[in-house]
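K.L.:
Here it is, the structure, as structure tokens.
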Amino acid sequence: MRPYVLLVASVAALGGLLFGYDTGVISGAILFISKDFSLTTRLQEFTISVVLIGCIAGSAVAGTIADAIGRRLTLLAAGVIFLIGALASAFTPDETILLVGRFVVGIGIGFSSVVAPLYISEVAPAKVRGALVSLYQFAITVGILGAYFIDYVFAGRGDWRWMLGFALVPSLILIGGMIFMPESPRYLFRRGHDSRARDELNRIAENPQDSIHEESSIRESLKVKSSGFAAFKVPAVGLALFIGVSLALLQQVTGINTVIYYGPQIFQMAGISSNTASILAQTLVGTVNVLLTLVAIFFVDRVGRKPLLYIGLAGMFLALTTLGIAFAQPHLSGSLGTIALVSMMVYVGCFAFSLGPIVWLLISEIFPLPARGLGMSISTLANWVGNFLVSQFFLTMINKLGRPLTFWVYAALCVVTILFIRAMVPETKRELLEEIRVQAA
Ligand code: BGC
């Protein structure tokens, strides 16, 4: 792979850093914000979830915008939106501006969650596309861990403004970087800028033959004239949408954000009672999340998407089942904390090399070029809706169903996901984007 391609993908992946940082930072900051603004429980919950509402709004429009003004400018816009949101939240005089700022940050995350994987998959050579899109997930996990760390650093002084404001740093790097990045050659062909598109293809392809072959496949795929919602009437494209939306939802309803957002609370339920110990345990989980994403980067183009998904989901199933069994034992108190910690590390680790990166990768791969922006937008929207529902109802589920059953519900959904992937998802390893075809297996 050319170093140039790695540079382009890495800059775009910074969108993931902001995604991770901004969704992770609030868990620590909320403790101090609530005190400063004397928030009721309702308002506390809303301060946390307003970001997700922004993400839903941002992802709903991002694909259409990326098709109209280009991938590069949309990602640049995401950086600017983040910057405005982060500034407003950090300098807010009151709770209302804070809510507006967090909503704006959410729009930025929504934009980048659609466009960063889309852009990376369109500039990546087929052989390394999996690894490069997984870089985006890697950046998300680094952002989450970075947020835990920054929360920890500023917790002593209770300085939530610094916690929220720190997001300025990655947004400035994203903006600075994207100014110098090229437009996606696929987008350029679609808009009829053929000679610029060809130059870009030559800069990223490994040899001239690859670039000629790629150009003819792109041209072929552009012969399908229908675009917008009409494109989904073509059965194969409609099926791609069904697969994209389902995968995006399944990534959430298998429960990952119960651990990412509520980890310290789960540890406390398991008897790790001190705040410091539960935050430390959460940091360990965050570190496992980062490290195991590297497994996907190394293997996703070698062994393929589906084998990694099967292994990861099987591990997630076992970890959740164990966690449920442990919570069902009344007399386990001594070792419950350790079992919970190990199960959650296994669960997050298995997600990190499977459902985490590979869902973003697959939804950026399965749509033909004329439907890619919109298809990716709708799938990502489903992902954020799933995220919102799981994070809103997790504590209610624990109260109504009890701890064991709650975790077993997520375990059962892992089995559903495995069956869905077996039946519906194509293996896309090393295939040229335009040659990927979806059909029920
Ligand atoms: C998911 C997020 C999750 C993160 C955890 C992403 O792929 O979309 O919802 O918080 O992984 O690493």
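The values are calculated or read from the model by the stated rules, or taken from the named source; none is laboratory data. Remember, it's a predicted structure, so these values are computed and weren't measured experimentally. Cβ: placed from backbone, ideal geometry, glycine included. Neighbour counts: every protein chain shown.
K.L.:
Out of the residues in the range 354-371 that are closer than 20 Å to residue 132 by Cβ, aliphatic (A, V, I, L, M) and away from the ligand (no atom under 16 Å from the Cβ), which is surrounded by the fewest Cβ atoms within 10 Å (Cβ to Cβ)?
P.N.:
Among residues in the range 354-371 that are closer than 20 Å to residue 132 by Cβ, aliphatic (A, V, I, L, M) and away from the ligand (no atom under 16 Å from the Cβ), the one surrounded by the fewest Cβ atoms within 10 Å (Cβ to Cβ) is 369.
K.L.:
What number of residues within the range 253-299 are assigned to a helix (DSSP H, G or I) and either of a type in the set (Val, Ile, Thr) or on the phi > 0 side of the Ramachandran plot (or both)?
P.N.:
Step one: of the range 253-299, the residues assigned to a helix (DSSP H, G or I) are 253, 256-269, 275-299.
After this cut, where a residue has to be either of a type in the set (Val, Ile, Thr) or on the phi > 0 side of the Ramachandran plot (or both) as well, the list is 253, 256, 258-260, 266, 276, 279, 283, 285, 287-288, 290, 293, 295, 297.
Qualifying residue count, the range 253-299: 16.
K.L.:
Further, regarding this structure: Based on this model, can you work out whether residue 379 counts as out of contact with any Lys or Arg (no Cβ under 7 Å at 6 or more places or on another chain), among the small types (Gly, Ala, Ser) and in contact (Cβ under 8 Å) with a residue 40 or more places away in the chain? First the steps, then the outcome.
P.N.:
Numbers: out of contact with any Lys or Arg (no Cβ under 7 Å at 6 or more places or on another chain): yes; among the small types (Gly, Ala, Ser): yes; in contact (Cβ under 8 Å) with a residue 40 or more places away in the chain: yes.
For residue 379, the condition - out of contact with any Lys or Arg (no Cβ under 7 Å at 6 or more places or on another chain), among the small types (Gly, Ala, Ser) and in contact (Cβ under 8 Å) with a residue 40 or more places away in the chain - is met.
K.L.:
Here is a follow-up. Determine if the range 372-381 includes at least one residue that is more than 17 Å from the chain's Cα centre (by Cα), surrounded by 20 or more Cβ atoms within 10 Å (Cβ to Cβ) and of a type in the set (Lys, Arg).
P.N.:
Scanning the range 372-381 turns up at least one residue that is more than 17 Å from the chain's Cα centre (by Cα), surrounded by 20 or more Cβ atoms within 10 Å (Cβ to Cβ) and of a type in the set (Lys, Arg).
K.L.:
Could you tell me which residue of the range 245-281 is modelled with the lowest pLDDT, considering only residues that are over 23 Å from the mean Cα position of the chain (by Cα) and under 19 Å from residue 146 (Cα atoms)?
P.N.:
As a first pass, look at the range 245-281 and keep what is over 23 Å from the mean Cα position of the chain (by Cα): 267-278, 280.
Remaining after also requiring under 19 Å from residue 146 (Cα atoms): 275-278, 280.
Numbers: 275: 74, 276: 79, 277: 82, 278: 81, 280: 83.
By that ranking, first place goes to 275.
So that you can scan it fast, the table gives a plain yes or no per residue for (1) within 16 Å of the ligand (Cβ to nearest atom); (2) touching a Lys or Arg at 6+ places or on another chain (Cβ under 8 Å); (3) touching a residue at least 12 places away in the same chain (Cβ under 8 Å):
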residue: 2; (1), (2), (3): no, yes, yes
residue: 7; (1), (2), (3): no, no, no
residue: 12; (1), (2), (3): yes, no, yes
residue: 15; (1), (2), (3): yes, no, yes
residue: 27; (1), (2), (3): yes, no, yes
residue: 33; (1), (2), (3): no, no, yes
residue: 36; (1), (2), (3): no, no, yes
residue: 52; (1), (2), (3): yes, no, yes
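K.L.:
Pick from 107, 69, 81: which is on the phi < 0 side of the Ramachandran plot and surrounded by 24 or more Cβ atoms within 10 Å (Cβ to Cβ)?
P.N.:
Values: 69 fails: surrounded by 24 or more Cβ atoms within 10 Å (Cβ to Cβ); 81 fails: surrounded by 24 or more Cβ atoms within 10 Å (Cβ to Cβ).
Result: 107 is the single residue among 107, 69, 81 that is on the phi < 0 side of the Ramachandran plot and surrounded by 24 or more Cβ atoms within 10 Å (Cβ to Cβ).
K.L.:
Of the numbered conditions (1) assigned to a helix (DSSP H, G or I); (2) modelled with pLDDT under 90, residue 10 fails exactly one; give the number of that condition.
P.N.:
(2)
K.L.:
Moving on to the next point. Taking residue 419, is it under 24 Å from residue 294 (Cβ atoms) and away from the ligand (no atom under 16 Å from the Cβ)?
P.N.:
Values: under 24 Å from residue 294 (Cβ atoms): no; away from the ligand (no atom under 16 Å from the Cβ): yes.
So residue 419 fails the test.
K.L.:
Another one. How about the range 279-299: which of its residues are more than 14 Å from the ligand (Cβ to nearest atom) and surrounded by 21 or more Cβ atoms within 10 Å (Cβ to Cβ)?
P.N.:
Across the range 279-299, the qualifying residue is only 281.
K.L.:
Right, here's the next one. Picking from 217, 227, 171, 211, which residue would you name as being closer than 30 Å to residue 87 by Cα, among the polar types (S, T, N, Q), out of contact with any strand residue (DSSP E or B) (no Cβ under 6 Å at 6 or more places or on another chain) and away from the ligand (no atom under 16 Å from the Cβ)? First the steps, then the outcome.
P.N.:
Working: 217 fails: closer than 30 Å to residue 87 by Cα; 227 fails: closer than 30 Å to residue 87 by Cα; 211 fails: closer than 30 Å to residue 87 by Cα.
Sole residue among the options that is closer than 30 Å to residue 87 by Cα, among the polar types (S, T, N, Q), out of contact with any strand residue (DSSP E or B) (no Cβ under 6 Å at 6 or more places or on another chain) and away from the ligand (no atom under 16 Å from the Cβ): 171.
K.L.:
Residue under question is residue 363, and the condition is that it be touching a Lys or Arg at 6+ places or on another chain (Cβ under 7 Å) and either assigned to a helix (DSSP H, G or I) or free of Cβ contacts under 8 Å to residues at least 60 places away in the same chain (or both); does it hold? Write out each step before concluding.
P.N.:
On the way: touching a Lys or Arg at 6+ places or on another chain (Cβ under 7 Å): no; either assigned to a helix (DSSP H, G or I) or free of Cβ contacts under 8 Å to residues at least 60 places away in the same chain (or both): yes.
Answer is no for this residue.
K.L.:
List pairs: first in the range 282-294 and in contact (Cβ under 8 Å) with a residue 60 or more places away in the chain, second of a type in the set (Ser, Thr, Tyr) and more than 9 Å from the ligand (Cβ to nearest atom), Cβ under 7 Å, 6+ apart or cross-chain?
P.N.:
So the pair list comes out as 282/148; 283/148; 286/148; 293/134.
K.L.:
Residues 351, 407, 394, 388: which one is within 11 Å of the ligand (Cβ to nearest atom) and farther than 21 Å from residue 134 by Cα?
P.N.:
388
K.L.:
Out of all the residues in the range 300-322, which are more than 16 Å from the ligand (Cβ to nearest atom), part of a helix (DSSP H, G or I) and closer than 28 Å to residue 429 by Cβ? I'd like the intermediate steps shown before the answer.
P.N.:
Going residue by residue through the range 300-322, those that are more than 16 Å from the ligand (Cβ to nearest atom) are 301-304, 306-307, 310-311, 314, 317-318, 321-322.
Checking the rest, the ones that are also part of a helix (DSSP H, G or I) come to 306-307, 310-311, 314, 317-318, 321-322.
Listed by number, the residues that qualify are 306, 307, 310, 311, 314, 317, 318.
Here is a yes/no grid of residues against (1) over 22 Å from the mean Cα position of the chain (by Cα); (2) closer than 29 Å to residue 219 by Cα:
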position: 82; (1), (2): no, no
position: 95; (1), (2): yes, no
position: 123; (1), (2): no, yes
position: 126; (1), (2): no, yes
position: 130; (1), (2): no, yes
position: 142; (1), (2): no, no
position: 166; (1), (2): no, no
position: 182; (1), (2): yes, yes
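Quick grid of which residues meet (1) touching a strand residue (DSSP E or B) at 6+ places or on another chain (Cβ under 6 Å); (2) under 19 Å from residue 123 (Cβ atoms); (3) of a type in the set (Gly, Ala, Ser):
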residue	(1), (2), (3)
342	no, no, no
353	no, no, no
356	no, no, yes
360	no, yes, no
364	no, yes, yes
376	no, yes, no
381	no, no, no
389	no, no, no
392	no, no, no
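K.L.:
Touching a Leu at 6+ places or on another chain (Cβ under 9 Å) and surrounded by fewer than 17 Cβ atoms within 10 Å (Cβ to Cβ): is that true of residue 329 in this structure?
P.N.:
Working: touching a Leu at 6+ places or on another chain (Cβ under 9 Å): yes; surrounded by fewer than 17 Cβ atoms within 10 Å (Cβ to Cβ): yes.
Answer is yes for this residue.
K.L.:
Could you check the range 382-432 and list, in sequence order, the residues that are among the aliphatic types (A, V, I, L, M), modelled with pLDDT of 95 or more and within 18 Å of the chain's Cα centre (by Cα)?
P.N.:
Correct list: 382, 385.
K.L.:
Before we move on, is residue 53 within 25 Å of residue 79 (Cβ to Cβ) and modelled with pLDDT under 90?
P.N.:
Details: within 25 Å of residue 79 (Cβ to Cβ): yes; modelled with pLDDT under 90: no.
No, not satisfied.
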